[in-house]
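One structure is given below, encoded as structure tokens.
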Amino acid sequence: MARAGANRSGLIIRTARVYSGLFMLAFVTAHLLNLSLGVFSGDAMNKAKPFLTGIWSNPVMGSLLLTALVVHFLIGLWAIYRRPTLRTNPQDLVQLLSGICVVPLLATHVVGVMSLKLNGIPFDYAIALKFFWVDRPEIGLLQVILLSVVWIHGCAGLITWLRSKSDMRNVLGWLYPLAVAVPVMALTGYAEVGRQVLIEVQSQAAPSGYYETEPAASTSIPQPARTEPIRLPYEQVKRITNGIIWWSIALAALTLIAREVRVRVQSSQVVVIRRGNAPALASTSQLSVLDSFRAHHQPHASLCEGRGRCGTCAVRVTGFEYPLPEPTALEIKTLRRIGATEDMRLACQLTPAGGHLSVEPVYPADFTFEESEHAHPIPPPDMKQAQT
Ligand code: FES
């Protein structure tokens, strides 16, 4: 009963993580595409705004976005807390670190735009670009860093998610070039339109502090008609975003400390794992078989980075000393999907309680679905469950 509850909550958490991430990635993609139009002109950016960035600015989408941000961040922290080890491969590490940075960085953007709305200040690119390029270039730079980090995190997550699905291997072929092209186009558009802004400001000797001045006429970036100077609630935005940034950092630090305490307090048994003909490696009952391989730098296929979805970490258990824990619903589902036999388990989900364990990898360490027509494991030479 308790196990069924844990399985259900695990499924809910995984689903919430995937869909909140996809939602935010859609938001960032729309922004990047809108920015990329700066290559043509600021006018083109403003014309496309209602269809790309504008759709996110209504209260419903704004609330959903904030919810997705908070949910994704909290689930990410929970996953860090649950991690048996922080030692991992470079891609997973990049995703982990960029995930911690996403909320503090995205907060400045979301709070800034929401603050404009709440103060009745219309958002348009003429305002934003002058602010980012003339008045507060350091915040403009922060936006560039923000986009890069969020994009890297989103693409790493999306690629890991898709890689775990054998029927998505065709999608990955065009996703890789897009993952590079979209931010490059966006940064080019941002730089080009920024160059125009600087030329216009210099040619008109416009004073800085755009928000306190009458906007000058522009040839490439249409200026909204205003009679009153715009006063940006800059200090208010700064105060709120600073608070979010410090709270995010504090939560991330607390999570790491709590994880460290949990790992130290939890009792553990020695586990000795023999993998094929490789020398036996010493591990503990706190680590999954996959984490034990990683801790000993033994390459092992794991396309979904240990999330129990791809099945490529499957091992054939050829011997064990202590009874093995029962597979979770997620593990059973994935094993069924890949057509695994009775003697197979997922290395990322199997955490032995102690003693000796012998396994054989089912897939080669560099396995990818792109290289395989079928996502089925190599046919086992011996279908019987081995036991020592
Ligand atoms: S790494 Fe994907 S299921 Fe284990």
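The values are calculated or read from the model by the stated rules, or taken from the named source; none is laboratory data. Please read all numbers here as calculations on a predicted model, not as lab measurements. No Cβ is skipped: glycine too gets one built from the backbone with ideal geometry, and neighbour counts run over all protein chains shown. Side chains are part of the model used for accessible areas, which takes the heavy atoms of the whole protein and leaves out ligands, DNA and RNA. Shrake-Rupley method; radii C 1.70, N 1.55, O 1.52, S 1.80 Å.
Values as computed for the structure displayed
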{"item": "Largest-first ordering by accessible area, 1.4 Å probe, given options Tyr234, Tyr125", "result": "Tyr234, Tyr125"}
{"item": "Leu198/Ile55 FRET efficiency (R0 22 Å; Cβ-Cβ; nearest 0.05)", "result": "0.15"}
{"item": "Over segment 270-371, volume per residue of the alpha carbon convex hull, in Å³", "result": "91 Å³"}
{"item": "Distance in nm between pseudo-label sites at Lys333 and Arg239 (7 Å out along the Cβ direction from Cα)", "result": "4.6 nm"}
{"item": "Of the GluC sites (Glu not before Pro) in segment 250-350, those whose Cβ has at most 12 other Cβ within 10 Å and which sit in DSSP loop", "result": "Glu342"}
{"item": "Accessible heavy-atom area order of Arg337, Arg8, highest first, probe of 1.4 Å", "result": "Arg8, Arg337"}
{"item": "Point-to-point label distance, Ile257-Asn119, nm (Cα→Cβ direction, 7 Å offset)", "result": "3.5 nm"}
{"item": "Rounded to the nearest 20 debye, dipole of segment 270-371 from Cβ charges on Lys, Arg, Asp, Glu", "result": "140 debye"}
{"item": "Segment 293-366 - accessible surface per residue (Å², probe 1.4 Å)", "result": "40 Å²"}
{"item": "Within the accessible area of segment 270-371 (1.4 Å probe), percent carbon and sulfur", "result": "54 percent"}
{"item": "Accessible surface, 1.4 Å probe, highest first, among residues Ser41, Ser268", "result": "Ser268, Ser41"}
{"item": "Most to least packed among 238-249, 62-73, 152-163 [average Cβ atoms within 10 Å]", "result": "152-163, 62-73, 238-249"}
